[in-house]
Amino acid sequence: MSELAMDTPIDRSAMKVSDEVAIEIRNMNKWYGQFHVLRDINLTVNRGERIVIAGPSGSGKSTLIRCINRLEEHQAGQIIVDGTELTSDLKNIDKIRSEVGMCFQHFNLFPHLTILENCTLAPIWVRKVPRKEAEETAMHFLEKVKIPDQALKYPGQLSGGQQQRVAIARSLCMKPRIMLFDEPTSALDPEMIKEVLDTMIELAQEGMTMLCVTHEMGFARQVANRVIFMDQGQIVEQNEPEEFFNNPRSERTKLFLSQILGH
Amino acid sequence: MSDTHAETVSYVRETMLPQQEPPASTVGPLGWAKTNLFSGWFNTVLSVLSGLFILWLAYRLLPWIISPTWQATSLNECREIIGALNKPHGGACWGVISERWKQLMFGFYPPEHYWRPVLSLILLLVALGPLLFRHLVPAKVIYFSMLYPFIAAWLLWGGTIWNPIVAILGFVIIGLSLKFLTSVLNPALALIIGVVLAVIWWVALAGTVAGGLSAVLPIGIEAIASRQFGGFMLSITIGVTAILCSLPIGILLALGRQSDLLLVKAMCVGFIEFIRGVPLITLLFVASVLLNIFLPPGTNFDIILRVIIMVTLFASAYMAEVVRGGLAALPKGQYEGADSLGLDYWQSQRLIIMPQALKISIPGIVSTFIGVFKDTTLVSIISMFDPIGLSNAIRADTAWNGVYWELFIFIGLVFFIFCFSMSRYSMYLERRLQTGHR
Ligand SMILES: Nc1ncnc2c1ncn2[C@@H]1O[C@H](COP(=O)(O)OP(=O)(O)OP(=O)(O)O)[C@@H](O)[C@H]1O
Ligand SMILES: [Mg+2]
């Protein structure tokens, strides 16, 4: 919930939104048993967009972004990622998953593999990249998230912030075109939040299409081009960050903002 | 005080004192005894009492164990030797071990062929190398490990060399059909076709082909019938095969039990619960008696093979539950992490899930292994000559009628060596797979 204090101003010049559609969600509905988690979701994400999804606990934010790479199955409507529709066809699912990176609240690194092996595993087995090349790519991204010297350690030997940066590097090694983040900083101590957010900002500046579920409103202000507010499984409101924070339209958004920003 | 500076504070020490030895009472054997045996009055009392108990046991047992009866050729001779020594509590009659230990090891296997089981055991250790000590043994040895079952079976049962070769050819057929058919069919279908072809080969053709080849080129060693197998050789043959087969089958059953496919799940659950609900002895009786009723008359389905199958099925059901425990202990995030990277089901099982689940289950897996190995002694009930069965046979000899303890101590000792090695290995493996906290 901390406001992000930025020491370097963000260069928004490279954050260009193109006309090309990256993700298209049409009339999507999802139920957990009898429970209607997601109702009539319509969302179009263009390439290069940085979208922050906010909302109270239990509003279905995680479920929404987990539907995008089929960690959860939707029951009605359409989800089209990079031109491929998500159906029960396993080939499509694996293809989309390898194009869409995901970072979790609890990192989900593989504790029995070294940092380097964590990063090279999917490129080697899914993309069939030769091991040497995969290791070079992995080192490149580990340098980018500023932990190349930890490459031979195991995840259990790293701090939370470092683990989350490894998780980001691991996703990047698959050269994804879209990145999903599900509360990447909420399991971290305050001093580690910044190092992870910095990494995400850098990613945004390189033009990555990003969907982030986060409570970091400072990050939303500075990086996002669109903030989506969800409540009770619906998209209640979406707007540019300035408008969203200064002139929230719905009552629910106002209430949420007053709670989360603490005034 | 560590953050004060010598320039600003004059009383800070600039040179370090030499390190002092810790007090003798905390290190060395004395220190060890103090912390581990005599910390507090309660522990001291317990230590003293256990020490006294051990001394008493040794005092009573050692005179019995140390008994110069190695040369004796019958129980009566033992009694004469011990009687001459005038021992108050008698002594052990070790003559039976020195005379019969080979029989306890090999059963009724012809002595001039003892080298064959011995060689198979040595080769077994080589073949297990790449599985047990992956980072110490060259990876190429795994090819030998794959051939080992055929080599061992041939060494143990003997016969023409063409038998193992045609058996291997069946697996080659499976391999080839996987290789060439996967490009046109889906892998599961290719596997099924391969297996069907292989079974046709084994059942309908292999025997004739092997017979024909051995008529042309008779290379082979003397065939030895299953009923001549016995002793620890029999236990190890059954135990090792059942252990090695039960792990992969158990893994598949555990995965099947978690499957979304209802039929697969029901079959796995049914199998596991049925086998766990039935005593092993019942299964062994089925193997020895009932199967013959169902099989067409005249089929020669080897008794050891039947027993191995039953013991394997039994062990697999337990293994499946142990592995399931390991799977349940894995956080859901591991599956999601693997899925989100685009790994398919088998890849994530093999690379992410199983390595961790099996690591968690090592203690349970090894317990099951040890249990299976000891359960092989139950085959004595269906009149096979495992060490226990042999000890009965030895007692049937008038010379040794009445010898119990010595035989059981020897058998127990050999079993203990095997089981203890397995348990030490599992501890070594757990230590080696430790990768930081969590
Ligand atoms: N596997 C599941 N089975 C049944 N209900 C679920 C399941 N997962 C989530 N839910 C329910 O769905 C709703 C939405 O969950 P979701 O995790 O998407 O919320 P969220 O917006 O991410 O909340 P938070 O901010 O707490 O993470 C919640 O009410 C939750 O209880
Ligand atoms: Mg959530």
| message | Tell me yes or no: at least one residue of region A:182-193 is touching a residue at least 40 places away in the same chain (Cβ under 8 Å), surrounded by fewer than 22 Cβ atoms within 10 Å (Cβ to Cβ), farther than 26 Å from A:PHE110 by Cβ and more than 16 Å from ligand 2 (Cβ to nearest atom). | response | yes
| field | Test set (1) without any contact (Cβ under 8 Å) to a residue 40 or more places away in the chain; (2) in a helix (DSSP H, G or I) - A:ASN118 fails condition number | value | (1)
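For every residue, the table says whether it meets (1) buried (at least 20 other Cβ atoms within 10 Å of the Cβ); (2) within 16 Å of ligand 1 (Cβ to nearest atom).
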position: A:ALA22; (1), (2): yes, no
position: A:TRP31; (1), (2): no, yes
position: A:GLN34; (1), (2): no, yes
position: A:ILE53; (1), (2): yes, yes
position: A:ASN69; (1), (2): yes, yes
| note | When region B:33-42 is checked residue by residue, the ones that are surrounded by 10 or more Cβ atoms within 10 Å (Cβ to Cβ) and in a helix (DSSP H, G or I) are B:ALA33, B:LYS34, B:THR35, B:ASN36
| query | Filtering region A:52-70 down to residues that are more than 11 Å from ligand 2 (Cβ to nearest atom) and within 18 Å of A:ALA220 (Cα to Cα), which residue is nearest to the other protein chains (Cβ to nearest Cβ)? | reply | A:VAL52
| field | Candidate set: region B:339-353, residues that are more than 8 Å from chain A (Cβ to nearest Cβ) and without any contact (Cβ under 8 Å) to a residue 24 or more places away in the chain; chosen: the one nearest to the chain's Cα centre (by Cα) | value | B:ARG350
| field | Flag for B:VAL45 being more than 22 Å from B:VAL414 (Cβ to Cβ), assigned to a helix (DSSP H, G or I) and not aromatic (Phe, Trp, Tyr) | value | yes
| request: Identify all residues within region A:84-105 that are touching a residue at least 60 places away in the same chain (Cβ under 8 Å) and either assigned to a loop (DSSP other than H, G, I, E, B) or within 16 Å of ligand 1 (Cβ to nearest atom) (or both); write none if there are none. | output: A:MET102, A:CYS103, A:PHE104, A:GLN105
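Residue-wise test of (1) within 13 Å of chain B (Cβ to nearest Cβ); (2) at pLDDT 95 or above; (3) under 14 Å from B:LEU343 (Cβ atoms).
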position: A:HIS106; (1), (2), (3): yes, no, no
position: A:ILE124; (1), (2), (3): yes, yes, yes
position: A:LYS128; (1), (2), (3): yes, no, yes
position: A:LYS144; (1), (2), (3): no, no, no
position: A:PHE181; (1), (2), (3): yes, yes, no
| message | Please go through region B:114-172 and give me each residue that is surrounded by fewer than 18 Cβ atoms within 10 Å (Cβ to Cβ) and charged (D, E, K, R), ordered by number. | response | B:ARG134, B:LYS140
| For region A:155-204, how many residues meet the condition of being assigned to a loop (DSSP other than H, G, I, E, B) and more than 16 Å from ligand 1 (Cβ to nearest atom)? | 8
| Is there any pair linking a residue in region B:280-295 that is of a type in the set (A, V, I, L, M) to one that is not in a helix (DSSP H, G or I), with Cβ under 8 Å and at least six apart or on different chains, and which? | B:LEU291/B:PHE301; B:LEU295/B:PHE301
| query | When you go through A:ARG221, A:ARG165 one by one, which is the residue that is away from ligand 2 (no atom under 16 Å from the Cβ) and surrounded by fewer than 21 Cβ atoms within 10 Å (Cβ to Cβ)? | reply | A:ARG221
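The values are calculated or read from the model by the stated rules, or taken from the named source; none is laboratory data. Here the structure is a predicted model, which means the values were calculated and not measured. With ideal geometry, Cβ positions are generated from the backbone for all residues, glycine too; neighbour counts draw on all protein chains shown.
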